Amino acid sequence: MERRNGMRKNDEYRNTSQTICLILSRSGINISILWNYCDHRGTKIFLNIINMTLPFPLVSLCLKVRFSYMRMKYLFFSWLGVFIGSWIIYVQYSSYTELCRGHDCKKIICDKYKSGVIDGSACSSLCTRQTLYFRKCLSTQPNNQMYLGEWGNLQGVIKCQMEEIAHIDLRTELEPRKEAILFDKPTRGTTVQKFKEMVYGLFKAKLGEQGNLPELVNLILTVADGNKDGRVSLPEAKSAWALLQLNEFLLMVILQDKEHTPKLLGFCGDLYVMEKVEYTSLFGISLPWIFELFIPFGFRRSMDQWFTPSWPRKAKIAIGLLEFVEDIFHGPYGNFLMCDMSAKNLGYNDKYDLKMLDMRKIVPEMNLKELIKDRHCESDLDCVYGSDCRTVCDQSKMKCTTEIIQPNLAKVCHLLKDYLLLGAPLEIHEELEKQLYSCIALKVSANQMEMEHSLILNNLKTLLWKKISHTDDS
């Protein structure tokens with residue numbers, strides 16, 4: 001009787017295990033169900049089921065399929081991980097080799113220096129004494145090389161042009177740098193007086209007729225004298241002429257005594273070294289590009305606001321930016337326009353004094369008007385230089401007009417609005433918001449724009465300064 005009962009139980013176990021495996025093999029249900037069965041009936045029953053059914057081909061096939069499936073899934077995801085990782089490394093390497101061409105830049109400059117074509121205050125350190133080093137690559141465009149640099153005990157930023165920049169056509173991409181004509185002016189036999197006339201003519205075209213242009217010409221000759229021997233050699237003049245095609249270099253010379261302009265440390269050809277700014281982000285936090293892909297824009301803006309200095313320090317930085325607007329608005333050498341009003345172009349030092357990081361898109365108003373006046377257009381969208389200098393399209397002539405729509409101050413206030421209002425003291429929040437919106441509404445075409453510009457700018461500076469003047473942050 002007991003033997004018969006045992007055989008009946010074995011038959012039940014066998015039938016149950018066969019049924020489970022049959023269900024698994026036909027429906028694709030995960031074999032973990034078998035473990036659930038075990039949990040309900042006990043581990044001993046599960047082991048008995050496996051032991052008694054192993055001789056049956058159905059169970060063996062079931063387990064083999066399961067193990068084969070697990071192996072294939074593991075291999076697939078391993079291969080997928082290797083593929084994605086390799087692709088990321090390839091993209092990063094390709095981007096780096098395209099953007100970061102410091103070796104090529106140094107080779108071009110040093111070849112010209114060693115052949116006697118160019119000279120400058122940084123040439124010897126860069127090419128012969130090897131005391132000026134390229135460090136971390138900061139380039140965002142292949143034609144504008146930018147590196148952290150080390151020059152003896154000085155930390156700086158090295159900038160080098162890899163493409164022709166002297167003749168800009170807003171409708172086309174910049175053409176590759178042509179070795180045959182690079183550093184071709186002034187030519188051999190040019191006197192210092194003739195060179196001064198060349199520089200004067202260039203400034204007149206860029207800045208317009210200004211009574212003090214001769215002073216600026218003399219200032220340029222002083223800067224061009226790299227070895228400070230009291231005269232400008234032909235190689236030094238070639239370097240100076242190439243650099244004068246760059247708006248940023250011209251601004252650094254014009255504003256060399258201003259607090260918010262980085263100092264020029266040296267040059268060689270059209271390579272120049274400028275002061276390093278300690279903090280290179282006005283607000284926010286820098287993240288690797290792979291993380292940026294998966295962060296929503298709204299959340300990214302919130303993160304930017306979280307990682308900012310305290311409000312009094314933000315106010316001091318903002319005052320510095322307003323002072324810079326004053327420096328370039330109808331200054332001694334005309335008006336300059338900020339055509340890329342982006343936070344990435346602004347930084348500050350350890351005292352929270354604003355420092356400009358990138359001034360390549362700050363252009364003389366006269367120069368911009370000449371560049372854009374004959375530009376073909378079908379809508380106002382075609383009449384944009386950089387990202388922020390906009391004019392109107394004359395539909396009757398299909399040409400861009402030369403009147404800039406928005407002044408620098410309005411662009412700056414738009415950038416500072418969220419920056420200043422978040423965390424602003426309650427007692428000035430309403431007044432600050434009112435003044436910022438009045439500032440954003442400024443138009444170049446408005447009557448008495450210059451008077452309104454000065455009034456709004458001074459009111460903003462006064463409001464901010466009165467609030468922080470008694471704090472340690474000021």
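The values are calculated or read from the model by the stated rules, or taken from the named source; none is laboratory data. Quick caveat: nothing in here was measured; it's all calculated off a predicted structure. In this analysis, Cβ positions are derived from the backbone assuming ideal geometry, glycine residues included, and neighbour counts consider all displayed protein chains.
Output yes when any residue across region 369-385 is aliphatic (A, V, I, L, M), outside the structural domain of SER139 (by the TED database), within 21 Å of SER454 (Cβ to Cβ) and buried (at least 19 other Cβ atoms within 10 Å of the Cβ), and no when none is.
no
Determine, yes or no, whether LEU132 is modelled with pLDDT under 95 and surrounded by 16 or more Cβ atoms within 10 Å (Cβ to Cβ). Outline the logic, then answer.
On the way: modelled with pLDDT under 95: no; surrounded by 16 or more Cβ atoms within 10 Å (Cβ to Cβ): yes.
Against the criterion (modelled with pLDDT under 95 and surrounded by 16 or more Cβ atoms within 10 Å (Cβ to Cβ)), LEU132 does not qualify.
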- When LYS206 is run through (1) within 17 Å of TYR333 (Cα to Cα); (2) touching a residue at least 60 places away in the same chain (Cβ under 8 Å); (3) in a loop (DSSP other than H, G, I, E, B), the failure sits at (3)
- Taking CYS439 as the residue in question, decide whether it is touching a helix residue (DSSP H, G or I) at 6+ places or on another chain (Cβ under 6 Å), surrounded by 13 or more Cβ atoms within 10 Å (Cβ to Cβ) and over 17 Å from ASP327 (Cα atoms). yes
- Listed by first then second residue, the pairs whose first member lies in region 348-359 and is more than 11 Å from HIS260 (Cβ to Cβ) and in the same structural domain as VAL325 (by the TED database), whose partner is among the acidic types (Asp, Glu) and surrounded by fewer than 19 Cβ atoms within 10 Å (Cβ to Cβ), with beta carbons under 9 Å and at least 6 positions apart or on separate chains, are ASP350/GLU278; TYR352/ASP473; ASP358/ASP340
- Task: Scan region 116-127 residue by residue and report those that are over 19 Å from MET162 (Cα atoms) and not in a helix (DSSP H, G or I).
- Result: GLY116, SER121
- Task: For residues that are in a loop (DSSP other than H, G, I, E, B) and out of contact with any helix residue (DSSP H, G or I) (no Cβ under 7 Å at 6 or more places or on another chain), scanning just region 212-229, find the one that is farthest from SER125 (Cα to Cα).
- Result: ASN212
- Query: Just one of GLY347, GLY423 is modelled with pLDDT under 95 and either crowded, with 19+ Cβ neighbours inside 10 Å or in a helix (DSSP H, G or I) (or both); which is it?
  - Reply: GLY347
- Here is a list of conditions, (1) in a helix (DSSP H, G or I); (2) crowded, with 17+ Cβ neighbours inside 10 Å, and TYR352 meets all of them except one; can you say which number that is? (1)
